[in-house]
Amino acid sequence: MFGPCRSRLTMTLAAATLGLIAVQSAAADQLLVLEKDTQTLAIIDPTTLQVMARAPAGTDPHEVVASDDGARAYISNYGGEGSALHILSIVDLGTHQALPAIDLGALHSAHGLDFVAGKVYFTAESSKAIGSYDPAQARIDWVMGTGQDRTHMIWVARDLKHIYTTDVRSGTVSILESSMRRAFGPPPQPMVTIWDVTHVVSGRGAEGFDLSPDGRQLWAANSQDGTVTVIDLASKKASETFPIPVHGANRLKFTLDGRYVLISALGVFGSTQPQPDHNNLVVLDAASHKLVKAFDLGGGAAGILIAPNGARAFIAVSGADKVAVIDLKTMSVSAQIAPLHQPDGMAWARTAAADPRGTDEQGATARCRDGTYVHGTVLPSVCSGHGGVEKWLRGPPQELIGRN
């Protein structure tokens with residue numbers, strides 16, 4: 001008499017379990033890697049390092065960024081300097097299907113990307129401009145000229161008051177700052193947002209850059225000079241420029257604890273063959289600038305992505321059709337993802353539940369310098385990329401005292 005009931009209960013539990021697995025699968029982090037040769041977006045499980053799916057990425061995809069909720073990927077379709085391309089491609093990360101592209105109108109050669117406060121920020125290299133796209137309104141809602149040649153990469157502060165770009169041909173870093181001022185004209189005039197732009201000379205081919213986790217410095221890699229320029233963000237002036245042991249520096253990233261800086265190198269432009277006479281990736285000590293480790297990854301390297309927990313770095317080895325995984329504790333190659341097809345730009349898609357930062361102070365552990373709040377378990381790098389910890393709201397955990 002209990003057989004049918006037990007059977008129905010078993011089926012119900014099985015269905016619930018399958019549903020839970022489906023939800024967990026959909027909510028899992030995803031590593032996004034652009035493949036330029038096949039013009040696809042590889043969607044990778046960052047735990048198993050297996051490609052789960054591929055989706056069309058549009059013509060000449062270069063950079064990718066994910067929405068804060070991990071639902072969509074936005075891709076820049078570049079085409080190079082002077083290109084007529086004027087679109088951003090979109091991929092639904094739930095269905096792994098391409099969505100209608102964003103038409104940028106007269107803004108050409110989109111390249112650098114960031115996603116902040118629900119909007120996509122992008123560079124339009126051939127138009128010497130940057131802009132933002134509002135997915136909720138399905139329109140470009142802001143454009144600002146830089147006046148520089150080949151405005152290439154972009155980083156937007158979470159308080160939306162500071163934006164940084166590198167300008168490859170001009171050899172500069174552009175620092176954009178907003179403030180509220182009275183509009184011009186006879187009083188009384190309303191308060192309006194005004195942007196000031198400062199151009200800091202970096203070096204020939206300034207391209208890959210990153211901000212230190214404490215928000216005090218910006219490091220820019222000058223690909224043609226073989227140097228790095230350090231900019232003091234308080235004074236908006238270059239404090240020093242020093243040589244680095246790579247040819248064709250492409251991307252630069254701080255580790256989340258701020259101790260090390262990773263710099264990838266493409267080597268001789270256009271080469272897809274291993275070049276043993278130089279390094280594809282170097283790790284520098286951020287304080288002393290001394291070389292910690294050099295890697296020959298078998299080919300020119302481009303994109304660098306630090307995992308959210310700070311334990312691993314993913315390096316797009318374009319010249320060897322793979323992504324190398326670097327263990328940042330042992331400073332060794334721990335794995336690789338292959339075959340890929342000229343990997344380049346990468347991003348991490350996280351669910352809202354997986355991201356400890358937010359804008360709500362209630363129940364927060366710490367407040368970052370850009371105005372965002374940290375909830376739940378705190379890591380030493382918790383405000384990395386957000387200006388560092390401004391204030392511990394519940395007191396710093398003992399193991400973090402003196403480390404943030």
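The table below gives the values:
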| read-out | value |
| --- | --- |
| Amide H within-cut-off set for ASP210, under 5 Å, with H built and near neighbours excluded | TRP219 |
| Cα-projected label distance for ASP232 with VAL333, points at 7 Å along beta-carbon direction, nm | 4.0 |
| Cβ crowding within 10 Å averaged over residues, with 90-98, 74-82 ranked highest first | 74-82, 90-98 |
| Restraint check, LYS36/LYS253; LYS119/LYS329; LYS128/LYS236; LYS36/LYS329; LYS290/LYS329, Cα-Cα greater than 25 Å | LYS119/LYS329; LYS36/LYS329 |
| Derived scalar couplings ³J(HN,Hα) [the range 140-147; Karplus, 6.51 cos²θ - 1.76 cosθ + 1.60; whole Hz; x for Gly, Pro] | 6, 10, 6, 9, 9, x, 9, x |
| The range 308-330 versus the range 73-141: alpha-carbon centroid distance in Å | 26 |
| The range 83-92 - phi-based ³J(HN,Hα) in whole Hz, Karplus 6.51/-1.76/1.60, Gly and Pro as x | 5, 8, 5, 8, 9, 10, 8, 10, 10, 6 |
| Distance between modelled label sites at ALA183 and ALA101, nm, 7 Å Cα→Cβ extension | 3.7 |
| Protection-proxy order for peptides 60-66, 41-47, 261-267, each taking the mean of Cβ atoms within 10 Å per residue, highest first | 261-267, 60-66, 41-47 |
| Loop sites in the range 86-190: chymotrypsin sites (Phe, Trp or Tyr not before Pro), DSSP, at most 15 other Cβ within 10 Å | PHE184 |
| Candidate aspartates and glutamates for bridging to LYS293, where Cα separation is under 18 Å - those fewer than 8 sequence places away on the same chain excluded | ASP257, ASP277, ASP285, ASP327 |
| Long-range amide H partners of LEU85 with built H, under 5 Å | SER109 |
| Peptides ranked, highest mean first, by Cβ atoms within 10 Å: ranges 326-338, 308-320 | 308-320, 326-338 |
| Surrounding net charge for TRP219, when Lys and Arg each add one and Asp and Glu each subtract one, Cβ distance under 15 Å | 0 |
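Bear in mind that the values in this text are calculations on the coordinates, not laboratory data. Note that the structure is predicted; figures quoted are calculated from it, not measured. All Cβ positions, even for glycine, are placed from backbone atoms using ideal geometry, and neighbour counts span all protein chains on display.
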